[in-house]
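Taking it in order: structure first as structure tokens, then the write-up.
The values are calculated or read from the model by the stated rules, or taken from the named source; none is laboratory data. Here the structure is a predicted model, which means the values were calculated and not measured. Positions of Cβ are generated from backbone atoms using ideal geometry, with glycine treated the same way; all protein chains shown enter the neighbour counts.
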DNA sequence: CATCGCTTGTGTACGTTGTACACCGCAAGA
DNA sequence: TCTTGCGGTGTACAACGTACACAAGCGATG
């Protein structure tokens with residue numbers, strides 16, 4: 001059904017990940033995928049996602065703007081490489097084996113990882129999923145779910161429910177944090193007091209009485225960690241109940 | 001403590017939202033926030049998030065590239081405007097009042113909304129939160145949670161747990177869908193069979209046996225709706241259990 | 001040792017983006 | 001009638017991603 005393109009297309013060129021694992025192919029080359037990934041991550045950590053530019057990365061590596069393109073097909077590849085690299089920081093000890101503990105531990109660690117590398121919340125979600133390290137993380141979590149008598153659908157659904165929650169929660173936490181920083185607030189009361197004019201206008205319009213009342217009253221609002229873990233535990237509780245595990 | 005800037009800064013200019021609600025200020029003007037928002041949304045729906053460009057939007061409006069800047073401070077404002085506009089499509093009937101039904105209904109509708117406007121998954125998460133319509137949506141959901149004897153922290157946490165899950169789940173669903181489309185697959189078996197070479201390399205490497213086995217066995221994989229609702233119900237179950245409601 | 005070819009880095013160049021800024025016409029208030 | 005200022009225009013710039021032709025160095029082959 002699918003039409004074959006030119007014969008050249010038969011020559012499958014090694015994928016990004018295959019190349020990533022090749023033993024250092026040429027000793028004299030200045031650039032490697034490792035070096036590129038490291039520099040990009042370091043740059044993103046230091047100056048934020050927007051600073052990660054092919055040109056900026058090149059100067060960071062002391063190399064011409066187009067040099068990286070020999071190793072990476074474009075910016076999407078670069079993001080994938082960066083995500084894969086920092087994902088290796090996730091380390092749940094092997095002793096932890098219970099499904100709930102494994103999933104919870106990964107959730108908490110993923111949050112810390114993303115807070116440590118806030119640019120992770122900004123990468124275009126497309127190519128993010130299928131990097132080797134991310135798949136290894138998934139593998140570990142799924143492995144904790146076998147032997148519970150679940151069918152494949154339930155297993156995948158449970159795994160993904162947690163993952164989705166974590167992604168959404170941390171992303172919004174990061175967004176909020178950056179929004180605050182960008183407007184020069186510290187944290188907490190000061191922030192809520194000196195809200196942006198737009199927020200003030202809306203809040204004082206009287207249209208959101210409940211929101212207003214309760215967001216002022218919520219005292220744990222300055223402890224995003226608590227809120228995050230509450231959410232994780234909700235998801236885990238729900239999974240346990242629904243799947244009878 | 002906070003240092004006052006120039007006196008000019010005292011003159012608070014009306015916020016985007018204040019201006020949005022002003023009755024048509026000048027009858028003969030070609031551009032309004034409404035018209036801009038409508039055109040931008042329509043463009044994004046039709047040609048995707050990347051097509052939404054200040055210049056492109058201008059030609060769509062039959063106007064010079066810089067014209068929109070008289071009404072909108074920049075692209076972030078535009079995104080906020082767009083998000084706010086489509087968020088008005090959410091409509092949960094007033095008859096629904098139980099906290100669980102309200103939250104679930106908003107969750108399901110938000111998914112449908114985002115699938116209908118896939119560009120929503122790509123908007124830089126920053127300015128998204130605090131638009132009037134989004135706050136009204138939050139208000140409605142929080143209102144469903146009062147009178148349950150919860151303290152403010154629990155209420156906000158419950159509300160946000162659901163929101164976070166929805167955001168994460170739908171975002172990844174959209175990303176997956178676009179990834180598939182971009183690679184020319186239809187849905188389902190065909191997709192999994194003709195996976196991208198990178199995926200093949202990784203999957204066949206034998207490093208992810210569980211992932212491989214179960215993702216092949218999962219038969220509901222082509223029904224994202226089921227998976228989504230499973231997750232929502234997990235979160236809701238967990239909230240009910242943890243908060244005793 | 002000479003030569004070839006492949007890999008890897010370089011230089012230049014193009015089209016597109018967001019947006020700053022100066023300008024100008026026109027409706028409304030004096 | 002004159003002035004004011006709002007709203008649309010036109011030009012301009014710096015930065016972006018990346019295509020493409022080229023060059024320098026190495027390994028294999030003669």
Item checked: First in region A:60-73 and touching a residue at least 24 places away in the same chain (Cβ under 8 Å) and within 21 Å of residue A:84 (Cβ to Cβ), second anywhere and assigned to a helix (DSSP H, G or I) and near DNA strand D (Cβ under 9 Å from one of its atoms), Cβ under 7 Å, 6 or more apart -> A:67/A:58; A:68/A:54; A:68/A:57; A:68/A:58; A:72/A:78
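When you check residue B:57 against the structure, is it under 18 Å from the mean Cα position of the chain (by Cα), within 16 Å of DNA strand D (Cβ to nearest atom) and modelled with pLDDT of 95 or more, yes or no?
No, not satisfied.
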Next item on the list: From B:46, B:28, B:10, grab the single residue that is within 15 Å of DNA strand C (Cβ to nearest atom) and either modelled with pLDDT under 80 or surrounded by 12 or more Cβ atoms within 10 Å (Cβ to Cβ) (or both).
Entry: B:28
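Looking for something closer than 23 Å to residue A:18 by Cα and modelled with pLDDT of 90 or more - is there at least one such residue anywhere in region B:190-199? So that I can check it myself, show each step before the final result.
If we filter region B:190-199 for residues that are closer than 23 Å to residue A:18 by Cα, which is where we start, we get B:191-199.
With the extra rule that they be modelled with pLDDT of 90 or more, the set shrinks to none.
No - not one qualifying residue is present in region B:190-199.
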Check: For region B:208-220, what are the residues that are surrounded by 13 or more Cβ atoms within 10 Å (Cβ to Cβ) and at the interface with another protein chain (Cβ under 7 Å from one of its Cβ atoms)?
Finding: B:208, B:210, B:211, B:214, B:215, B:217, B:218, B:220
Item checked: Residue in region A:50-69 that is outside any helix (DSSP H, G or I), surrounded by fewer than 17 Cβ atoms within 10 Å (Cβ to Cβ), within 16 Å of DNA strand C (Cβ to nearest atom) and not assigned by TED's automatic domain parsing to the domain that holds residue A:18 present -> no
Next item on the list: For residue A:66, indicate whether it is modelled with pLDDT of 95 or more, touching a helix residue (DSSP H, G or I) at 6+ places or on another chain (Cβ under 6 Å) and within 16 Å of DNA strand D (Cβ to nearest atom).
Entry: no
Next item on the list: Report whether or not residue A:95 is within 22 Å of residue A:228 (Cα to Cα) and surrounded by fewer than 18 Cβ atoms within 10 Å (Cβ to Cβ).
Entry: no
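Scanning for something over 16 Å from the mean Cα position of the chain (by Cα), outside any loop (DSSP other than H, G, I, E, B) and within 16 Å of DNA strand C (Cβ to nearest atom), does region A:71-84 turn up at least one residue? Don't jump to the end; show me each part of the working.
Looking only at region A:71-84, we keep the residues that are over 16 Å from the mean Cα position of the chain (by Cα), and these are A:71-75.
Applying the additional criterion that residues be outside any loop (DSSP other than H, G, I, E, B) yields A:75.
Subsequent filtering for residues that are within 16 Å of DNA strand C (Cβ to nearest atom) retains A:75.
The answer is yes, given that some residue of region A:71-84 is over 16 Å from the mean Cα position of the chain (by Cα), outside any loop (DSSP other than H, G, I, E, B) and within 16 Å of DNA strand C (Cβ to nearest atom).
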Next item on the list: Give the residue that is nearest to residue A:173 (Cα to Cα), with candidates limited to residues of region A:222-235 that are more than 7 Å from chain B (Cβ to nearest Cβ) and part of a helix (DSSP H, G or I).
Entry: A:224
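Being within 7 Å of chain B (Cβ to nearest Cβ) and at pLDDT 85 or above: is that true of residue A:239 here? Full working, then the answer.
On the way: within 7 Å of chain B (Cβ to nearest Cβ): yes; at pLDDT 85 or above: yes.
Yes: the conditions hold for residue A:239.
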Next item on the list: Just give me the residues in region B:133-153 being surrounded by fewer than 21 Cβ atoms within 10 Å (Cβ to Cβ) and either part of a helix (DSSP H, G or I) or touching a helix residue (DSSP H, G or I) at 6+ places or on another chain (Cβ under 7 Å) (or both), in sequence order.
Entry: B:133, B:134, B:136, B:137, B:139, B:140, B:143, B:146, B:148, B:150, B:152, B:153
Next item on the list: Go through A:84, A:76 for me and flag whichever is touching a helix residue (DSSP H, G or I) at 6+ places or on another chain (Cβ under 8 Å), surrounded by 13 or more Cβ atoms within 10 Å (Cβ to Cβ) and modelled with pLDDT under 95.
Entry: A:76
